[in-house]
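**Q** My questions all concern the structure below.
What follows is calculated from the coordinates using simple rules that are stated; it is not laboratory data. Everything quoted here is computed from the prediction, not taken from an experiment. Here the Cβ is made from the backbone with ideal geometry for all residues, glycine too, and neighbour counts use every protein chain on show.
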Amino acid sequence: MMMMMMLIIIIIIIIFPYCYSAYGQPSILFHGQYTISTEEGSQQGDPVGPLLFCNTIQPLLSSLDSDVKLGFLDDVTLGGPVDTVAADVARIAKVWAAIWASR
């Protein structure tokens, strides 16, 4: 377990400069005469995007009470007693609504 944690720390140290340079300030995209400022989320095709997304939703998935909690990128599967799964879905919806409201 300790070896795995050390590897995670090393990976974070390696990718942090890239993430900071890519996302530390808005990017300007050009489309003909138009410019678009991208200030949230990862760029389409960014190989680090899925890693950043998964690391962001992992605490939410870990906090759910369902017996089965499987997540792969933006696909989540829950399983267990109906009332438990329903409560977890409501929790996900509440967290998602709070994230969107804070934008």
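**Q** Short version: ³J(HN,Hα) in whole Hz for each residue of the range 89-100, in order, from phi by Karplus 6.51 cos²θ - 1.76 cosθ + 1.60 (θ = phi - 60°), x for Gly and Pro, what are they?
**A** Values, residue by residue: 4, 4, 5, 4, 4, 5, 5, 4, 4, 5, 5, 5 Hz.
**Q** Shifting gears a bit: Mean residue ellipticity at 222 nm from the helices of the chain, using -39,500 (n - 2.57) per DSSP H segment of n ≥ 4 over the full residue count, to the nearest 500 deg cm²/dmol?
**A** On the way: 3 runs with 57 residues, N = 103.
Here the helix-only value at 222 nm equals -19000 deg cm²/dmol.
**Q** Which one of MET2, SER66, ALA87 has its Cα pushed farthest toward the positive end of the charge dipole of the chain, where Lys and Arg give +1 and Asp and Glu give -1 at the Cβ?
**A** It is MET2.
**Q** With only Lys, Arg, Asp and Glu charged, each at its Cβ (+1 for the first two, -1 for the last two), find how big the charge dipole of the chain is about the Cα centre; round to the nearest 20 debye. Show your work: numbers first, answer last.
**A** Working: 4 positive and 9 negative charges, 40 e Å.
Magnitude of the dipole: close to 200 debye.
**Q** I would also like to ask the following. Give me the dipole magnitude in Debye, nearest 20, for the range 43-103 about the Cα centre, with unit charges on the beta carbon: positive for Lys and Arg, negative for Asp and Glu. Walk me through the numbers before you get to the answer.
**A** Numbers: 4 positive and 7 negative charges, 48 e Å.
Rounded to the nearest 20 debye, it is 220 debye.
**Q** Also: Could you work out, for the range 43-103, what percent of all Cα-Cα pairs fall into each 10 Å distance bin, beginning at 0 Å and stopping at the bin that holds the largest distance?
**A** Per 10 Å bin, starting at 0, the Cα pair percentages come out as 20, 48, 26, 5.
**Q** Further question on the same structure: Any chance you could get the radius of gyration and Dmax over the Cα atoms of the chain, in Å?
**A** My reading of the Cα-based Rg and Dmax gives 17.5, 55 Å.
**Q** A follow-up question, please. Along the range 39-45, what does the Karplus equation 6.51 cos²θ - 1.76 cosθ + 1.60 (θ = phi - 60°) give for ³J(HN,Hα), rounded to whole Hz, x for Gly and Pro?
**A** Whole-Hz 3J(HN,Hα) from phi for the range 39-45: 10, 9, x, 8, 6, 4, x.
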